[in-house]
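This report refers to the structure that appears directly beneath it.
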Amino acid sequence: MKAGTNLEKVLNAGYFAVTAEIGPPKGGSARVIESKGEMLRHTADAFNVTDNQTAVVRLSSLAACGILRRIGLDPVMQMLCRDRNRIMLQGDICGAVALGIGNLLCLTGDHVKFGNHPQSKVVFDIDSIQLISAVRTMRDEGKFISGEEVAGPIPIFIGAVENPYADPFEFRTARLSKKVRAGADFIQTQAVYDVPKFTQWMAEVCESGLDKQTHVLAGIIPVKAVGMARYMRDYVSGVEVPDWLVKRLEDAKDVREEGIKIILEIIEEVKLIPGVHGIHIQAVGWEEVVPEIVERAGLLPRPIV
């Protein structure tokens, strides 16, 4: 097996991959990251750490990923273009390599108006597709954006995100193609609740041959409350929560168990869709449910590669 991150090796070996998200604290506690990492250690192949998600200040993804690496886990460092210019972006990539972090998820980032510092100045020097291209150039050509040579190897497995549900729907595969051409080795999607529409998108992905050029991981967000389901349906842009899902939770005697059953059903359907190479579980503020979901979905033990 060729060298690479655990996630890279799992995907390249043809296994159905599992990644899980770890939300960093609003402070400098390494113990919070360590405890979440230990709790999820055996449930996933790699662990995403968000980067000031929704423009709310939290422990940096770079530091948190370094902590996960220190306890023997394979982190996926999320990196937003919102808060950094190209100098800082490339500097943090070099810093990640120095800390042994080998997976990078490139995102443009939510606008600061959604966060707790709406008066902040945004950067957006480059966008996520340009960042993907820059990382690939650093890795494959050994050059910075400026053309200057990088001093040493940059072994990064490059990730990107895609929303199969965003309008206009007919442009979603074309946008994915741009990210793949830029250098995205794997893709983590927005949450999948409307499986038929996701299946339609994946059929287009496979028809265009993109499933052979990148690894698509379907986003999975467990729903633990009726209010959460309604809020995502009515107010979260880019997430399509069907009315039937809300109704099932409203009618359930045990909302927690019903929410888990719904997610398990979605995972079973997603596993059968051609071109899907894994799932990415985003249990926002509910990381403790991830081991149960992965076990009940029949995805344990995780492969050793």
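Couplings 3J(HN,Hα) for segment 46-51, derived from phi with the Karplus relation 6.51 cos²θ - 1.76 cosθ + 1.60 (θ = phi - 60°), are 7, 9, 6, 10, 5, 10 Hz, where x marks Gly and Pro.
Assuming charge only on the beta carbon of Lys and Arg (+1) and of Asp and Glu (-1), the dipole of segment 170-305 about its Cα centre is about 420 debye to the nearest 20.
Helix content alone sets the calculated 222 nm mean residue ellipticity of the chain: runs of n ≥ 4 DSSP H residues at -39500 (n - 2.57) each, divided across all residues, give -11500 deg cm²/dmol. The spacing between segment 126-160 and segment 1-71, judged by their C-alpha centroids, is 21 Å.
The convex hull around the C-alpha trace of segment 139-218, projected and averaged over every direction, spans 6.1 square nanometres. Can you give the relative contact order of segment 170-305 as a percent, counting alpha carbon pairs under 8 Å and 6+ residues apart? In percent, rounded to a whole number, it is 29.
Legend: ranking of residues 171, 47, 144 from fewest to most surrounding C-beta atoms inside 10 Å; resulting order 171, 144, 47. Give me the tail of P(r) for segment 192-276 as a percent: Cα-Cα pairs with distance above 14 Å. For segment 192-276, the fraction of Cα-Cα distances above 14 Å is 65 percent.
Highest GNM mean-square fluctuation among 74, 167, 140, for the chain modelled with Cα contacts below 10 Å: 167. When the Gaussian network model of the chain links Cα atoms closer than 10 Å, the mean-square fluctuations of 61, 177, 120 top out at 120. Here the simple spin-label model places points 7 Å from the Cα toward Cβ, and for residue 237 and residue 34 these points are separated by 4.0 nm.
DSSP bridge analysis restricted to the chain gives an antiparallel fraction near 5%, rounded to the nearest 5.
Here segment 170-214 and segment 226-262 have alpha carbon centers that stand 25 Å from each other. On a per residue basis, the convex hull of the C-alpha atoms belonging to segment 74-165 measures out at 112 Å³.
For 42, 277, the sequence from fewest to most other C-beta atoms within 10 Å is 42, 277. Rounded to the nearest 20, the size of the Cβ-charge dipole of the chain about its Cα centre is 600 debye, with Lys and Arg at +1 and Asp and Glu at -1.
As a calculated quantity, the FRET efficiency between residue 60 and residue 13 at R0 = 41 Å, using C-beta atoms, amounts to about 0.85.
Charge tally around residue 18: other residues with Cβ under 12 Å, Lys/Arg +1 each, Asp/Glu -1 each, net -2. Only the Cβ atoms of Lys and Arg (+1) and of Asp and Glu (-1) were treated as charged; on that basis the dipole of segment 38-186 about its Cα centre amounts to roughly 160 debye. Treating each Cα of the chain as an identical point scatterer and summing with the Debye formula, the log10 of I(q)/I(0) at q = 0.07, 0.14 Å⁻¹ comes to -0.25, -1.10. Working from label points 7 Å from Cα in the Cα-to-Cβ sense, the residue 212 to residue 171 distance is 2.8 nm. Here the contact order of the chain, divided by its residue count and restricted to Cα pairs under 8 Å and six or more residues apart, works out to 19 percent. Once the Cβ-Cβ distance of residue 125 and residue 244 is raised to the sixth power relative to R0 = 45 Å, the FRET efficiency obtained is 0.55. Arranged from fewest to most other beta-carbon atoms within 10 Å of their beta carbon, 234, 45 become 234, 45.
Just so you know, all these numbers are worked out from the coordinates, no wet-lab data involved. Quantities reported herein were computed from a predicted structural model and do not represent experimental measurements. Because the Cβ atoms are built from the backbone with ideal geometry, glycine has one as well, and the counts that use them run over all protein chains shown.
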